[in-house]
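The values are calculated or read from the model by the stated rules, or taken from the named source; none is laboratory data. None of the values given here were measured: they were computed from a predicted structure. Here the Cβ is made from the backbone with ideal geometry for all residues, glycine too, and neighbour counts use every protein chain on show.
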Amino acid sequence: MNTTTTRPRTARRIGQNIAIAASAGLALTMAAPVAFAAPEPAAPQTDIKPAAPQAATVVVPAEAAWTIATTEVRGEKPAPPPVVRATTTASRSSARTALSAPAAPTSASAAAVLSIARRYIGVPYVSGGSTPAGFDCSGFTSYVFAQVGITLPRSSAAQRYAGTVVPASQAQPGDLIWWPGHVGIYTGNGQHIAARQPGTPLSEGPIYGANPIYIRVL
């Protein structure tokens with residue numbers, strides 16, 4: 001009887017212990033993998049800060065001299081292109097043409113003398129005349145040169161010594177041209193202008209006398 005009674009009590013205790021264990025420990029064991037899983041250990045954090053820049057210190061001797069190099073830039077103008085001068089060889093025919101052309105006066109006063117003298121071409125020859133109404137040879141030359149401020153003697157003989165005698169090779173337009181008893185104005189290239197003789201109006205034409213004397217009065 002005692003054996004039978006003890007077994008049921010022990011069985012009940014064991015059952016209670018199992019129930020308690022089931023309600024407490026077993027339930028925790030089954031739920032732990034799902035609800036209470038242990039978190040993975042976090043990676044250790046390292047506080048990394050950039051190193052502060054350090055200024056370099058340069059020690060310069062007190063006697064050191066500082067110099068700054070400079071570069072000078074100069075602009076040069078391009079050289080101008082060479083001047084090419086055309087040269088021509090004059091033919092004999094062109095040289096002859098140039099010789100026959102009137103020679104240009106060598107000064108402003110000579111040009112003025114020729115310009116004034118040519119105004120009176122066609123004026124009649126008058127013996128003793130010294131105005132545009134009529135001229136003789138020395139009256140004509142003295143009148144023309146007076147227009148440019150040069151006073152000549154009235155007679156042709158006196159005009160022979162009125163200036164400086166020059167060789168025929170150096171004669172220039174505006175010089176006096178003289179023979180005994182006649183005087184005129186040289187216009188260049190073997191030509192002269194003068195009051196020649198009675199009955200012939202004042203004209204410009206070739207030198208008709210031989211060996212004239214050229215007198216420079218300008």
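The figures follow:
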read-out	value
Odd one out for residue 208 among (1) modelled with pLDDT of 95 or more; (2) surrounded by fewer than 17 Cβ atoms within 10 Å (Cβ to Cβ); (3) of a type in the set (Phe, Trp, Tyr)	(1)
Single condition residue 167 does not satisfy, out of (1) loosely packed, with under 14 Cβ neighbours inside 10 Å; (2) modelled with pLDDT under 95; (3) not hydroxyl-bearing (Ser, Thr, Tyr)	(2)
Filter result for residue 158 (surrounded by fewer than 17 Cβ atoms within 10 Å (Cβ to Cβ) and modelled with pLDDT of 95 or more)	yes
Output for the range 173-190, where each listed residue is out of contact with any Gly (no Cβ under 9 Å at 6 or more places or on another chain) and among the β-branched types (Val, Ile, Thr)	183
Some residue of the range 182-194 being crowded, with 22+ Cβ neighbours inside 10 Å, of a type in the set (Ser, Thr, Tyr), within 53 Å of the chain's Cα centre (by Cα) and under 21 Å from residue 109 (Cβ atoms)	yes
Members of the range 160-183 that are of a type outside the set (A, V, I, L, M, F, W, C), more than 13 Å from residue 218 (Cα to Cα) and touching a Phe, Trp or Tyr at 6+ places or on another chain (Cβ under 7 Å)	160
Selection from the range 195-205 of residues that are loosely packed, with under 14 Cβ neighbours inside 10 Å, more than 55 Å from the chain's Cα centre (by Cα) and not polar (S, T, N, Q)	198, 199
Selected residue [in contact with a Leu (Cβ under 6 Å, 6 or more places away or on another chain), under 15 Å from residue 184 (Cβ atoms) and at pLDDT 95 or above] from 120, 125, 143	120
